[in-house]
Amino acid sequence: MTHPSADPTAVLETLAGHGERYRLEAGLNPEEDWIAADRLLDPTSTELTQVLEAERVGSGQVSAHAVALTVMAVYAGTVTAPALLAWALYGVVLDVRPENVALRLGDHGFKAVALRRPRLVDVSGMTGDERLGLLVKQVLDDHLFPLADAMRVCSRAGRRQLHGGIAQGCAAAFSAASRSSGAEVDVLQRAYDEFLAACPQELGRLGEMIRLAEGGREGLFYLRRTCCLFYTADHGEKCASCCLDSVEDRVTNYRRILAGGAIPH
């Protein structure tokens, strides 16, 4: 795979080529309604209330608990996912600290994610472990864990379930890309293992990444061990990785997905 240049704009363009979940806009259009990500870390903020209410209306969830769990998984699987893929494939660290990120709401999830300043952190002189440590700090310690804490306060959602959404969303950064055309599955699998090893051990206990091959295709799939309560919404459907289904049933479904060419979350 051809690496993008050190130009952050080129990195963003290359990431977008891997799928919509990895698309980051450069800068903010002042005529659009953007929500500052760092405001979401305040459990009393109107911005966090707005995000949760939009999900409640869009998904038809019946409890604040379930809404928060859905938002957490979607957020981790889209807002910070590009930074994980950028590190996995190109060894660069995008600045995804909350104060540099803004969001636009959609009917379900986020219509757009932007970096206020499209910037690559200067990692010259850092070892590989130091780069990874910086990535984990920005994605987890500075961003996703504080967001989970805020949503726990305002929704009463459990810490383990919220962190299960983080674990699933981070895994999706690697697994979704692994199933795209021309993906380097070995590279992504190795990168995920390295990332997980650098995370708090708790995250590794909340699910498992597996590698499957079917119909001439292969890819990574995540088996979560916590429930996001997605099925409690009006539609009554389970998510693709629902832990209420057996591992055997999920693996069978994933193989069917591979054979059919679909790419689930």
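So how strong a dipole does the chain carry about its Cα centre when Lys and Arg Cβ are +1 and Asp and Glu Cβ are -1, to the nearest 20 debye?
Taking the Cα centre of the chain as origin, the dipole is about 540 debye.
Mind checking which of Pro43, Pro146, Pro30 has the largest fluctuation in a GNM of the chain, springs on alpha carbons under 10 Å?
Top of the fluctuation ranking is Pro30.
Counting only heavy atoms of protein chains, what accessible area per residue, in Å², does the chain have with a probe of 1.4 Å?
Dividing the accessible area of the chain by its residue count gives 44 Å².
Can you pull a Stokes-Einstein diffusion coefficient for the stretch 1-146 at 10 °C (1.306 mPa s), Rh from Kirkwood over Cα pairs, as a whole number of µm²/s?
Here the translational diffusion coefficient equals 101 µm²/s.
Note the full-extension length gain between Asp129 and Ser246 as 0.36 nm times their separation in residues minus their Cα-Cα distance, in nm to one decimal.
Length gained, Asp129 through Ser246: 38.5 nm.
To the nearest 0.05, what FRET efficiency results for Tyr231 and Ser180 with a Förster distance of 35 Å applied to their C-beta separation?
Working from the Cβ atoms, E equals 0.80.
Can you give me the relative contact order of the stretch 65-121 as a percent, contacts being Cα pairs under 8 Å and 6 or more apart?
With pairs under 8 Å counted, the relative contact order is 29 percent.
Please compute the modelled spin-label separation between Ser63 and Glu13, points set 7 Å along Cα→Cβ, answer in nm with one decimal.
Simple spin-label model gives 4.8 nm for this pair.
Order Met151, Met126, most accessible first, counting only protein heavy atoms with a 1.4 angstrom probe.
Order by accessible area, largest first: Met126, Met151.
So if I place +1 on the C-beta of Lys and Arg and -1 on the C-beta of Asp and Glu, and nothing else carries charge, what would the dipole magnitude of the stretch 43-145 be about its Cα centre? I want it in debye, nearest 20.
240 debye
Give me the log10 of I(q) over I(0) for the stretch 1-79 at q = 0.15, 0.16, 0.17, 0.22 Å⁻¹, as the Debye formula computes it from C-alpha points; what are the numbers?
Each listed q maps to, in turn, -0.70, -0.77, -0.84, -1.10.
Under 10 Å, Cα contacts only: if you run a Gaussian network model on the chain, which one of Val123, Val101, Val139 comes out with the highest mean-square fluctuation?
Per the Cα network of the chain with a 10 Å cutoff, Val123 tops the list.
Near the amide H of Leu223, under 5 Å away, which other amide H atoms are found, from residues 5 or more places off or on another chain, if H is placed in the peptide plane?
Glu208, Met209, Ile210
Place +1 on the Cβ of every Lys and Arg and -1 on the Cβ of every Asp and Glu in the chain, take the dipole about the Cα centre, and give the residue among Gly77, Ser45, Thr226 whose Cα lies farthest towards its positive end.
Result: Thr226, furthest along the dipole toward the positive end.
With Rg and the Kirkwood Rh both taken from Cα atoms, where does Rg over Rh land for the stretch 141-254?
Ratio value, two decimals: 0.99.
When every alpha-carbon pair in the chain is counted, what percent end up more than 36 Å apart?
9 percent
Any idea which of Cys170, Ala157, Ala36 is furthest toward the positive side of the dipole for the chain, if Lys and Arg beta-carbons carry +1 and Asp and Glu beta-carbons -1?
About the Cα centre, the residue reaching furthest to the positive side is Ala157.
To the nearest 500 deg cm²/dmol, what mean residue ellipticity at 222 nm is calculated for the chain from DSSP H runs of n ≥ 4 alone, each contributing -39,500 (n - 2.57), summed and divided by the residues?
-14000 deg cm²/dmol
Leaving out ligands, DNA and RNA, what percent of the accessible area of the chain is carbon and sulfur, probe 1.4 Å?
48 percent
Indicate the helices, whole DSSP H runs only, in the chain that combine a mean Kyte-Doolittle hydropathy of -1.0 or more with a Cα extent along their long axis of 24 angstrom or more.
159-178
The values are calculated or read from the model by the stated rules, or taken from the named source; none is laboratory data. Just so you know, these numbers come straight off a predicted model, no measurement behind them. As a convention, Cβ positions derive from the backbone with ideal geometry for all residues, glycine included, and neighbour counts pool all protein chains shown. When the accessible area is computed, the model is the full protein with side chains, heavy atoms only, and any ligands, DNA or RNA have been set aside. Shrake-Rupley method; radii C 1.70, N 1.55, O 1.52, S 1.80 Å.
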